[in-house]
Structures are given as C-alpha cells and as structure tokens.
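Contents: one structure, followed by commentary.
FYI, it's all coordinate maths here, none of it is from the lab. These figures come from a predicted structure and were not determined experimentally. Cβ placement follows ideal geometry from the backbone for every residue including glycine, while neighbour counts extend to all protein chains displayed.
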Amino acid sequence: MSANPYESERLLAEYLLFHYGTADEILPATAPAGMRDALDFAVRTTRHFSPGRASRSLDLGCAVGRSTYELSRTSEETIGIDFSQNFVRAATALATGPLPYQRLDEAHRRTPLVASLPPGLPAGQVHFEAGDAMDLRPDLGTFDRVHAANLLCRLTEPQRLLERLPSLVRPGGELVLATPCTWLGEFTPPENWPEDSTRAWLEDALGPDFVQISCTEEAFLIRETARKFQWTASLLTAWRRK
Ligand SMILES: C[S@@+](CC[C@H](N)C(=O)[O-])C[C@H]1O[C@@H](n2cnc3c(N)ncnc32)[C@H](O)[C@@H]1O
C-alpha cells in the first residue's frame, strides 16, 4: 500500500483548518449558506451523547483532536487514538499552546495560520496516543462514551472495530458513530464493504449488544484549496450499550 496520506503535511494542515479554523479562515467570500452550516463538524458530532457527565470517554480516529477536546468538557478522562503519528503529535501539542501551520490556497501559495484550543479546553484530563482502531491495546478498559467520526470507511477491516466495541462501552454507556459511507478500495478492500446499506450493516453488527438511540446526518466541509471544498453528509448513529 502507498504511504499513509494522514501522515502528510498537506492533510495535517487541512485537518488543523477543518477542526480549529474560523469561518473567515475556511469559507470564501461568496460562500452559500449551506457551506456555513457544515462548519464545526468535530464539535457537532460530540453533541449526540446524552447530556450529563462521564467518567471516561474515548475518541477513535481522533485526527488532530478537536472532538477529543470537546468530549473533555463533560468527561473526567478522555483518550484520543489515531493511527497517524503526525496527527497525534499535533493534537498533543495543542494542549500546551497554539500551533502554527500553513493553509494551502493554490499552487505554492500558502497563508500562515495558527490553530488553538477554544478557551476553557482541555477541561478534564486528555491524553492522545497512536494506535490502530482494529487492534486496540487490550488494557484500554471500558468507557461511558465512545466516539468515532469518519473512521469506519478508512479501515481495511472495519468489522474488527465493530466486534471490539461491545467490550469498550460499559453497560448503559453510549457510542456515536459517524460515517460518510465513502467506501474506497484504496482504504478498504471491496470484500469488506457493506453488502447493502451501511446503516443496515451497522444495525446487523451492533444490534445484539446496543440499542439504537438515533440516526441522522451531519454535514461537513473540508477546504482543500481556496476554490475547492469537499461537502459531505455523514451518516450519524447513536447507540446505548445493553
Ligand atoms: C477521515 S479522518 C476523520 C478524522 C476525524 N475523526 C474527523 O472527523 O475529522 C480519518 C482518521 O482516521 C485515522 N485512521 C485511519 N486508520 C486508522 C486506524 N486503523 N486506527 C486509528 N485511526 C485510523 C486517520 O489517521 C484519520 O485521522
């Protein structure tokens, strides 16, 4: 397989902007309203957990960590895990201060920007580590909240994560999964894609151990250049462990 794209400086800058950029830094002057509605995805997905406080939360495929930090608002301990060492380094560094990066505008043209945490974050204890969501360390323990946004269709064997989830979420705990269902052979061999809809596949896999609380969509916007954006509707399901 080719080098992991999520270790690249281009995607590091793209994700720092996606997670921490302001509307003015992300949107073009001519942006239609729908683009603005798709901002702050990494914050919105964390709001699908029931209100109240948690003792332990886990963010899988956390990238540069915005959702992990958001989960810490209501959690005593939050762990963020990502396969990209470069992303984990950036997520960790943000706890100690602002992080400069270069936004790609076009060709060689870049704009220097600075990513920083919103005031008050981190709230609870936050820890990031490099790890594989298909082969998580056995001593991770259990969690009141597990969040995995836009991760499943980037795994070679997503079934392995689905099989591990019941032992990660404590009884009564909650799981939030978001997936844009963009199944691509470069990440997941077609034999490991859902046979039919991703929603039905999730219900089959998780139904024995989880009750589905909600199923909705959250749109997101990733700015690739000053003139090119990815707008995607992620399928978001929330579950409670039986
Ligand atoms: C599409 S990004 C989504 C990131 C973030 N959750 C978000 O919604 O912005 C997918 C993330 O999953 C990570 N990833 C890919 N394979 C992984 C694996 N096997 N274990 C953990 N993380 C993985 C990538 O490094 C990347 O940060």
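So here's what we get for this one:
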item: Total formal charge among the other residues, if their Cβ is under 14 angstrom from that of ILE222, Lys/Arg +1 and Asp/Glu -1; result: +2
item: Approximate shape of the chain as ellipsoid semi-axes (Cα gyration tensor, √5λ), whole Å, largest first; result: 28, 21, 17
item: Positive minus negative residues near PHE187 (Lys, Arg vs Asp, Glu; Cβ under 15 Å); result: -4
item: Rough spin-label spacing in nm, given labels placed 7 Å along Cα→Cβ, for ALA233 and GLU163; result: 3.3 nm
item: Percent of Cα pairs exceeding the 14 Å cut-off, where the set is the range 67-137; result: 65 percent
item: Packing rank of 58-71, 93-106, 166-179, where each peptide gets the mean count of other beta carbons within 10 Å, highest leading; result: 58-71, 166-179, 93-106
item: Surrounding net charge for ALA23, when Lys and Arg each add one and Asp and Glu each subtract one, Cβ distance under 12 Å; result: -2
